[in-house]
Structure formats: C-alpha cells, structure tokens
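The values are calculated or read from the model by the stated rules, or taken from the named source; none is laboratory data. These numbers come from a predicted model, not from an experiment. Virtual Cβ from ideal backbone geometry, glycine too; neighbours counted across all protein chains shown. Side chains are part of the model used for accessible areas, which takes the heavy atoms of the whole protein and leaves out ligands, DNA and RNA. Shrake-Rupley method; radii C 1.70, N 1.55, O 1.52, S 1.80 Å.
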Amino acid sequence: MKCLIVQPMHEDGLALLRRHGIEPVACSGTDADSIARSVRGCDAAITRDAGFPRAAFEAADRLRAVVVHGTGHNAVDKEAAAERGVMVANTPGANAQSVAELTLGLALALARGVTGADRWEREGRPGFRESLSFRELSGKTALVVGWGAIGSRFGQMAANAFGMRVLVHSPRAREVGAFPRVAALEEGLAEADLVTLNTPLRAETHHLMNAARLAVMKPGAHLVNVARAELIDEAALAGALERGALGGAALDVYSHGAATGPLAAFSNVIFTPHLGGTTEEALRRVALGAAGHVVTALSGGVPETVLTPPRTKELRA
C-alpha cells in the first residue's frame, strides 16, 4: 500500500506508516496537476494547506482516504471525495496548544509594538519608545470568536496569565465554562480591547469581519487572526486602519500577496507565514495523528474525525 505525502511532514509520522506496511510517496509538487499525476497507484494521501482538488480525485485509481495534516479542510474537495466514496478526515486539536501560544504572542507583540521596535533598532532610528503609546494586556477585555480547542486554550491563557476579562462568541460551542457568552458578535466587538479569530471557515463566517463589524469595534482595539484568511474582508480592514479606527492587526493567515499589498503600508499590521502549528511538538503530534488515520482507514476502520461518508463495500468491490 502507498500513501501520497503532498507536503513534507514529521519523520515520526512517516515512520508510523512504514511500520504498518504503508509506503510514503512524495508528491512531485503542490499544484493541482502535480497532485493529480502523483496520486495514481496510491491508496491514501496526507495533505496540508495545499488541499486535494477534484482533478486529483478524478485521476486517482486506488484512493480510499485523504487525511488533512491539521484542522482546516476547506481546500479538500469533499464533494468530489464523496462522489467517489473516498473518506476525508482531519486532525483537529493536535496543534491547538501551539496555535494558542502564537495567538498570545501576537497579542503581546501588538500591545508592545515589538515588530516596530525591532525595525527601528535595526535601522538605527532613535525615539521608538516615544513614537507610540503602549499598553498591558492585564485587566483588558478579550473577545474570543470560536471556542474550539484553540480558542478555549487561548481564553484560559489570557484569563489565567493576565487576568483578562474573556468574552466568548461561539454559537456552536455547547460549553464555555465560567466565561460569559455574547450572542451577537457586534456586542462583543464593542467591548473588546482584543479580538481573536479562532473559528472555522464556513459559509456564514466568510468575511465575518466586514466593514460594518470593523466599524463597531472599540477604538484602538487589536485584531488577531490565526484561523482562516477569508474570515476578514482585507479591503475593509485596510480602510479601518486608514481611518485610525483600530490599534492594529496581527495576521497569521491572509490572502496571497496581502503582505506586499495595501495592508503592508501599515506599521501596526503584523504578518506571520501561517506559523501557528509549526512548532516541533505540534508537527510531531499532527503527523502521528494523520498517519494514524491513514492506518485506520486502510485497515478497514473509520477515523474518529471523518468528514465524509466512508466508501461502501460495493464501492470497494
């Protein structure tokens, strides 16, 4: 049996596949044509943010399972998978600690102007401390949008480490502990000094932060997005920053070219290249989880986090 590895993954995950008689096969590239060419002869595939397009499903001749190395699965064509009886699963929660820690780091960097201070020092420019006003996180209000594994961990960190008042907007979350919920997103935005986006991309969350919602944010508030680029209308964000309505934004996810586009003109915007789950610890956990799902699927089982119906016996025959 063979498993297509669309993008590099931790060696421990590859070793787990080999121990179960599954040969990892490196993909020739991450574009749709390369994935389609490489998938022939493979029984499973593990992909990251490159996803898995319809063309690859159509080209596959043995494919039984596609596993996402991480949480987000919108780049996998699940309709095409279901048509062909291919299971799709993801590995949610395995990188939650690392993403929550980056969320906290970005919040601190915005509050203290860390990236700007670094630039000025490297350029030999004096006076950065006097150029802006900085603030503590302690005692401020944070709105966590999306109370899943990542959002809830960050909320606990913010409350425990800094005594922040944490509000939660997460209509699908059943339990948020002692943290107060806000039913209407606008209500929380008006109160929060810090807003973190930790929710999946769905039809109802596309451009969740649009011009109208950015306009009701507390003046000077900070916005951190570690979830999906499409949660923010970037043109509207640029407009809000131009008006001075926001104190800044930190984006670990953003549209292609955003870091060199209009948003790049603002010194109070931080870009990081999707670093959330890239710690050694998280990469190992996610790789082992993804490889374990492949082993389960190719052994005739169904991974706990399956996102599409497994193929039937008739389809296997």
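Annotation note: GluC sites (Glu not before Pro) in segment 263-307 located in DSSP loop regions with a Cβ neighbour count of at most 15 within 10 Å are GLU304.
A Förster distance of 51 Å, applied to the separation of the beta-carbon atoms of ARG125 and SER34, puts the FRET efficiency at 0.70.
One chain, two ends: SER267 and GLU242. Fully extended at 0.36 nm per residue, the span grows by 7.9 nm beyond their Cα-Cα distance.
The residues of segment 54-176 expose, per residue, 47 Å² of accessible area to a 1.4 Å probe. Pairwise Cα separations in segment 58-147 fall into 5 Å bins from 0 onward with the following percentages, short to long: 3, 10, 14, 12, 10, 9, 9, 9, 7, 7, 5, 3, 1.
A Förster radius of 30 Å combined with the Cβ-Cβ distance from HIS206 to ARG19 puts the calculated FRET efficiency at roughly 0.15. Computed with the Debye formula from one identical point scatterer per Cα of segment 38-84, without solvent, the log10 of I(q)/I(0) at q = 0.19, 0.29 Å⁻¹ comes to -0.51, -1.18.
Excluding residues fewer than 8 places away in the same chain, name every one of the aspartates and glutamates whose C-alpha is closer than 19 Å to that of LYS218. Those aspartates and glutamates meeting the cut-off are GLU136, GLU186, GLU187, GLU191, ASP193, ASP233, GLU234, GLU242. Of the trypsin sites (Lys or Arg not before Pro) in segment 231-285, the ones in a loop by DSSP (not H, G, I, E or B) with at most 15 other beta carbons within 10 Å are ARG243. Using θ = phi - 60° in the Karplus curve 6.51 cos²θ - 1.76 cosθ + 1.60, the 3J(HN,Hα) couplings for segment 48-57 round to 10, 6, 5, x, 8, x, 4, 4, 6, 4 Hz; x is entered for Gly and Pro. Amide H contacts under 5 Å for ILE270: ALA249, ALA250, LEU251, restricted to partners 5 or more places along the chain or on a different chain, H placed in the peptide plane at 1.01 Å from N. For the chain, the relative contact order comes to 21 percent (Cα pairs under 8 Å, sequence separation of at least 6). The convex hull around the C-alpha trace of the chain, projected and averaged over every direction, spans 17.5 square nanometres. A convex hull fitted around the alpha carbon atoms of segment 121-269 yields 124 Å³ per residue. One quarter of the convex hull surface built on the alpha carbon atoms of segment 6-77 amounts to 4.4 nm², the projected area averaged over directions. Of the solvent-accessible surface of the chain, computed with a 1.4 Å probe over protein heavy atoms with every protein chain present, carbon and sulfur atoms account for 52 percent.
Near the amide H of PHE52, within less than 5 Å, lie the amide hydrogens of VAL76, ASP77, all on another chain or at least 5 residues away, with H placed in the peptide plane.
Helices assigned as whole DSSP H runs in the chain whose Cα atoms extend at least 20 Å along their own long axis and whose mean Kyte-Doolittle hydropathy is -1.0 or higher are found at 96-112, 280-298. The residues neighbouring PRO180, those whose beta-carbon lies less than 12 Å from its own, together hold a net charge of 0 under the Lys/Arg +1, Asp/Glu -1 convention.
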